[in-house]
Each structure stands twice: as C-alpha cells, then as structure tokens.
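See structure below.
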Amino acid sequence: MRGRAGSEQEQRQVTSIVPAQAVTGPVRTADDGRAGRDGQEEAAPAPLAPGARLFPSLAAVYRAQLSRARVARIPLLFVATFQSVGIMVLMRGVVDGGSEARAVVAGSSVLVVAFVALNLLAQYFGQLRAGGGLDHYATLPVPPAAVVLGAAGAYASFTVPGTIVTAVAGSVLFGLPLTHLWVLVAVIPLSGAALSGLGAAMGLLAPRQELATLLGQLGMSAALLLGVLPADRLPGPIGWARDLLPSTYGVEALSRSFDAHPDWAVVALDLAVCAVVGVLSLAAATWAYRRAAVR
C-alpha cells in the first residue's frame, strides 16, 4: 500500500511541473479573441497576405511564358523571318532604291514583329479563353496587367533575332546604309508593345477561338500591305487606314533612319507616337483581360 501511495505521489509531482498551457492550450486573453454567443471565445481572423506587386509578378509571368513558348515559337519565328526576307526579294525586282526601298526594308522588318506579337498572341489568348485557361490566371495573386504585359513581352522578345536579320539582309539587298540600325533598339520594343496589346485585345474580346485567329490573320495582312508598300503609292482612304495601324510609326522611324542625314526630331516623334499607341493598346488589353476573366 505504501508503494502504491508513493507512486501516485510521484506522478502528481511530475504532472505538477508541466505547464498548464501545454495540456489545455494557450490561455487566450481579451485581445486574442472575442466572445461568442455561447460565452466561449472565438479565434480572431488571420490577416490577409499582402497583394503581389506589379513588377515582381510581371517578371514571374514573363519568365514562365518565355520558357513555355521557347520551343514552340522558334519554328514560327523562322517562318516569319523567311517570309519577310522573301517579300524583300520579290520587291527587289520592282523597287530599285530611294524612299521606296527604305519603305520596303522597314516594313518587312516590322512585319516580323506583327507576325509574332499580333498574330500569334491573338491566337494564344483566343485559345486560352476558349480552353478555360483564364481561370488559372484568375486564381493567381497577380495583377491583371502583369499577365497581359508578361505574355506580350515574352512574345515580343521572340521577334528580336528575326527583325535584326531581316533589317540587315534588306539593307544589304537594297544597298542601304547599316550605320543607324541601332534605331531597332527602340523600334522593336515600341512596335512590339503596340502590336502585342492589339493582338491580346483581339484574342480576349473575340467570342470564339476561330474568330480570334481570323482577326490575328487580318491584322498581320494589314501590317503587310500597309507597311511594306510605299505610302505614296497607296490611295487616299487606304493611306488613312495606314495612319491608324500601330506599327506604321515604327516603320516610319526605321525608314527615316536609312537616310544619309536622318531628321532625328521626326524619328523621335514617330517613336513617341508609337509609345503612346503602345500604352493605349496594352491598357485596352488589360481591360479586355479583366472583362474575359470575370465572365
């Protein structure tokens, strides 16, 4: 009996050194919770995580899109470059030089941007909307502008090698100077932004995937006809349509850079107009993404 009583006393001593919070949980104070209807305290709601910032989200979407489309878009980029070089070879038999040659080379170079940033991006967003892919992006804690800008930037990045190759090949083919081709550093991103925003808006606003593909093809055809052909050879109404095309100002800036003494003020004005159009088209694409994601 003494042994049993001694063991019970030892157990009580051991138990007494264990904190009460370890057995019953932490003691909640008045600031940690609130009293419910039955008198018991309820846990306070946990604070929400801060929203993702634009630039980190943009960089993440851009890297994801770039790695996803790298393998699939390289053959299409080769097709776009081959198409533009082929157009210049055909036009070489019609155009000898002068302003017409500059227009052909500049229009063919920007056509590579139109093929990828406008045509393929319209098809991509049209397919994304038709297949329910927008639901995935809608669940991500990223701003809508990051999704649009990230995808547009990734597609526009694929146009850099093809545009440079086309511009150099056209300059050699028509005997144009290569001195001021550094203007492509501004022409490619600004034209890419304008055409990418337009292509994304087409794909997101089109009610059907086939219509998005058709709009992308029509947009690329407009860039081909209105960009490659010299402006003074176009009729009046078609010339007005050329002024409404976002890539026109990138073509004009690149075309003027082939002059022996370019008017840099006019070139800067063309690039500024292209930048404004790019901001407006990307804003329209962001609005179209929000509209398509909530429907």
Mind telling me which of the residues 149, 111, 190, 198 ends up being surrounded by 18 or more Cβ atoms within 10 Å (Cβ to Cβ), at pLDDT 90 or above and farther than 23 Å from residue 82 by Cα? 198
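Is the range 173-181 home to any residue that is under 20 Å from residue 157 (Cα atoms) and surrounded by fewer than 21 Cβ atoms within 10 Å (Cβ to Cβ)? Before the answer, list the steps.
Taking the range 173-181 as the starting set, the residues that turn out to be under 20 Å from residue 157 (Cα atoms) are 181.
Among the residues that remain, those that are also surrounded by fewer than 21 Cβ atoms within 10 Å (Cβ to Cβ) are: 181.
Yes: one or more hits.
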So in the range 273-288, with the set limited to residues that are surrounded by 16 or more Cβ atoms within 10 Å (Cβ to Cβ) and under 13 Å from the mean Cα position of the chain (by Cα), which one is nearest to residue 251 (Cα to Cα)? 278
Within the range 73-102, the residues that are closer than 17 Å to residue 160 by Cβ and either among the hydrophobic types (A, V, I, L, M, F, W, C) or crowded, with 16+ Cβ neighbours inside 10 Å (or both) are 73, 74, 76, 77, 78, 79, 80, 81, 82, 83, 84, 85
Take the range 247-272 and flag every residue that is under 25 Å from the mean Cα position of the chain (by Cα), polar (S, T, N, Q) and in a helix (DSSP H, G or I). 248
Within the range 232-245, is there a residue that is within 20 Å of residue 102 (Cα to Cα), assigned to a helix (DSSP H, G or I) and open to solvent by less than 70 Å² (accessible area, probe 1.4 Å)? yes
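Results for (1) of a type in the set (Asp, Glu); (2) modelled with pLDDT of 80 or more; (3) under 19 Å from residue 159 (Cα atoms), shown as yes or no for each residue.
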position: 54; (1), (2), (3): no, no, no
position: 57; (1), (2), (3): no, no, no
position: 61; (1), (2), (3): no, yes, yes
position: 69; (1), (2), (3): no, no, yes
position: 73; (1), (2), (3): no, no, yes
position: 77; (1), (2), (3): no, no, yes
position: 80; (1), (2), (3): no, yes, yes
position: 88; (1), (2), (3): no, yes, yes
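Return the residues of the range 201-219 that are assigned to a loop (DSSP other than H, G, I, E, B) and open to solvent by less than 40 Å² (accessible area, probe 1.4 Å); say none if nothing qualifies. Explain how you work it out, then say what you get.
Our first condition is that a residue be assigned to a loop (DSSP other than H, G, I, E, B); within the range 201-219, this holds for 206-208.
Selection gives 206 alone.
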Elements of type helices (runs of 4 or more DSSP H) in the range 94-192, at least 2 residues being β-branched (Val, Ile, Thr) and over 30 Å from residue 230 (Cα atoms): 144-157
Contact list please: Cβ distance under 6 Å, first residue in the range 166-184 and small (Gly, Ala, Ser), second residue part of a loop (DSSP other than H, G, I, E, B), pairs at least six apart or on different chains. 171/178
Specify the residue that is modelled with the lowest pLDDT; the eligible residues are those in the range 152-172 that are open to solvent by less than 20 Å² (accessible area, probe 1.4 Å) and among the hydroxyl-bearing types (Ser, Thr, Tyr). 155
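The values are calculated or read from the model by the stated rules, or taken from the named source; none is laboratory data. Note that the structure is a prediction, hence the values are computed from the model and not measured. Here the Cβ is made from the backbone with ideal geometry for all residues, glycine too, and neighbour counts use every protein chain on show. Keep in mind that these areas ignore ligands, DNA and RNA; they rest on the heavy atoms of the full protein, side chains included. Shrake-Rupley method; radii C 1.70, N 1.55, O 1.52, S 1.80 Å.
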